[in-house]
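Each reported figure results from applying straightforward, stated rules to the coordinates on display, with no laboratory input. Here the structure is a predicted model, which means the values were calculated and not measured. We place every Cβ from the backbone using ideal geometry, glycine too, and count neighbours over all the protein chains shown.
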Amino acid sequence: MTARIPEETDVLVVGGGPTGLLLANLLGSMGVKTTLVERNETTVQEPRAVSIDDESLRALQAAGLAETVGAITVKGYGSIYLGPDGRRFAEVKPHVKEYGFDKRNAFEQPVFEATLRQALLRHPSVATVFGAELADFRQDSDHVLADITISGQNRTLRARYMVAADGGRSAVRKALNIPLEGSTFREPWLIVDLHSTRNRCFHTEVFCDPRRSVITLPGPGGIRRYEFKLNPGETTEQAEEESFARRLLNEVSPDGDEPIRRQKVYTFHARIAARWRQGRIFLAGDAAHLTPPFAGQGMNSGLRDAHNLAWKLDEALRMADPEDLLDSYEAERKPHAWLMIELALRMGKIMMPASVPRGKLIRMGFRFLGLYGPARDYFAQMKYKPKPKFSAGLIRPAPELPDAGAIGRMIPQPIVTALDRQQILLDTLLPDRPVVLVFSEAPERWVDAEMQERLQKLGCAVIGLTPEWVNPVSAPFPIVRDSSRFFSEKPFRDCLDRALLLRRDRYVAAIEPVRSIAGLIPMITRLTEPPDNRLTPSFAADEELRSKAI
């Protein structure tokens, strides 16, 4: 699988963790000439992240990997919150698949990374080089020059853009003198991964005990993780002794004698890079943000980075002036990444009550909320998790309109029914280019042949979507019915008889009434370069390959 380092590439990805691997897979699916370098000889061999969410699986779907990754996950688990007496006081068991997938899924990071690395073999435009370290780099207005060391020899690679996905201790971020803003947790935690378990609970268990907070998480293939908060006076050396872990396991589980796979103390961080872009170099994943684990969003935030950045780099390679497009990466991703950090901090306060009275107040509050259906549903269905939404970036806000709440949001992914009664997930129908989604009882009335041809010349597709109570009809463009009814919920129910301009990452860039679809054209030109106007890449990789990917 290891390839030699080419002399030129469109995008250099530094780091072969989940973020870098997904980014390379997305770029490869777009036909972008990409080189991924990773200093380690293999993908990670020890368990780290253990949970993948629905937004991440949608990003993997865009790379053609949803089914492959789905086969190595345990789908749809939840969380049970327990007090010191072992009584449950709250549950999170989401079942609504708003984005097409279960909201919480368990996996093994070593298997996940190996799967993503293997998937890169599908893309002849991607060179994957493990055991190669970035020694130095410099950039000018046109390219990045990277000095890479492999097998004791130095190679220089010329790239149009470089993405640093090289982890929380990112050498690239440090070399660029980009500071991290935020804090480091004072509370260290002991992570114990087991090869097998006698704990038959399908869900995560959270022991909210001021004496010692404990989290236990299920995994595929009969494995399990335990996370124990260390108390004052307990040292890392003491906590990493096997007898210490055995004692803690016996206190909360039947797993005191199960074989230990890994036992390690971590100190968690809540930090974010001050800048995510410097010239032609971008930060992504842990290089850009460090998230406490309490919401399971660290790795998932990195996968969102990859999904946001990949299509923008692809478009930038063909644009005469891509600055607006590229600047939107930080403008969109940084605020949302910080919201996820804040969510983890809030959940940490529930999981780690600072005192016995505070723990009682938390439990009483949840039991009181459980008496009110909407409040109980808000927590159980994970509605507290910030929605993927941008307030700035590559969108056209319209705050005065009733449908404005949908602008900047990722659209739901319903199961849709086609004219032949076939049912598929919506993204299966959407091509990898901007889409005008006409949401109406009769989408065919609003897009004539002239308008459809005009949009296609701009590089934009047209798809019709009817609400759940209206059957689709035959038309010059595909029309499907929203069988899952997600577009019948706010804010998208206000978009009936509207044309939604979808970006390649399925976010709503702009909205127009169906009578004035031409009003979307200025925004379309910000998202993509018309096929006839696209620049020839300065590093002409393989035009035949590129044509197949369009």
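Of the beta bridges DSSP finds with both residues in the chain, what % are antiparallel, to the nearest 5? Looking only at bridges with both residues in the chain, the antiparallel portion is about 70 percent.
Rounded to whole numbers, the Karplus 3J(HN,Hα) couplings from phi for the stretch 92-97 are 10, 9, x, 10, 7, 9 Hz, using 6.51 cos²θ - 1.76 cosθ + 1.60 with θ = phi - 60°, and x at Gly and Pro. Using only alpha-carbon positions in the stretch 237-353, the gyration tensor eigenvalues give semi-axes of 40, 15, 12 Å once each is multiplied by 5 and square-rooted (largest first). Taking label points 7 Å from Cα along the Cα-to-Cβ direction, R421 and D257 give a separation of 5.7 nm. Computed from label points 7 Å out along Cα-Cβ, the spacing between Q153 and F477 is 5.2 nm. What do you get for the angle between helix 18-29 and the principal long axis of the chain? Use alpha-carbon atoms, 0 to 90 degrees, nearest ten. Long axis of 18-29 versus the principal axis of the chain: about 20 degrees.
Using Cα atoms only, what is the angle between the long axis of helix 109-119 and the major principal axis of the chain, expressed in degrees (0 to 90) to the nearest 10? Tilt relative to the chain: about 20 degrees.
For the stretch 165-217 versus the stretch 10-63, the inter-centroid distance based on Cα atoms is 21 Å. Can you tell me how the stretch 53-104 classifies by the Cα gyration tensor, rounded, prolate or oblate, using a/c under 1.5 as the rounded cut? Taking the square roots of the gyration eigenvalues as a ≥ b ≥ c, the stretch 53-104 is prolate. With a ≥ b ≥ c taken as the square roots of the eigenvalues of the C-alpha gyration tensor of the stretch 379-461, please select rounded if a/c is under 1.5 and otherwise prolate if a/b is larger than b/c or oblate if it is not? Since a/c reaches 1.5 but b/c is at least a/b, the shape of the stretch 379-461 is classed as oblate. Counting only residues at least eight positions apart within a chain, or on another chain, the aspartates and glutamates with an alpha carbon under 12 Å from that of K33 are E7, E8, D10, D314, D542, E543. For the stretch 404-533, dividing the convex hull volume of the Cα atoms by the residue count gives 93 Å³ per residue.
Could you pull out the pairs from K93/K312; K75/K334; K334/K457; K387/K457; K93/K349; K93/K174 whose alpha carbons sit more than 31 Å apart here? The pairs that break the limit, which is 31 Å between Cα atoms, are K93/K312; K334/K457; K387/K457; K93/K174.
Placing a pseudo-label 7 Å from each Cα along the Cα-to-Cβ vector at T236 and A442 gives an inter-label distance of 7.0 nm. Look at the Cα gyration tensor of the chain: its axes a ≥ b ≥ c give a/c of at least 1.5 with a/b at or below b/c, and that counts as oblate. Could you work out how far helix 298-316 tilts from the main Cα principal axis of the chain, as a 0 to 90 degree angle to the nearest 10? Helix 298-316 sits roughly 20 degrees off the main axis of the chain.
A helix-only calculation puts the chain at -8500 deg cm²/dmol for mean residue ellipticity at 222 nm, using -39500 (n - 2.57) for each DSSP H run of at least four residues, averaged over all residues. In this structure, E46 and A320 have a Cβ-Cβ separation that, at R0 = 51 Å, corresponds to a calculated FRET efficiency of about 0.65. Less than 5 angstrom separates the built amide H of F89 from those of Y81, L82, G83, all sequence-distant by 5 or more or on a different chain.
Evaluating 6.51 cos²θ - 1.76 cosθ + 1.60 at θ = phi - 60° for every residue in the stretch 283-291, the Karplus couplings come out as 9, 8, x, 5, 5, 9, 7, 10, 10 Hz, glycine and proline recorded as x. Here the Karplus relation 6.51 cos²θ - 1.76 cosθ + 1.60, evaluated at θ = phi - 60°, turns the backbone of the stretch 229-244 into coupling constants of 6, 7, 8, x, x, 8, 8, 4, 4, 5, 5, 8, 7, 4, 4, 5 Hz, with x for every Gly and Pro. Length gained on full extension, R198 to S488: 100.1 nm, using 0.36 nm per residue less the C-alpha separation. Rounded to 0.05, the FRET efficiency of the R212 and R88 pair, given R0 = 22 Å and the Cβ-Cβ distance, is 0.75. Computed from the Cβ-Cβ distance with R0 of 30 Å, the FRET efficiency linking E450 to L401 stands at 0.70.
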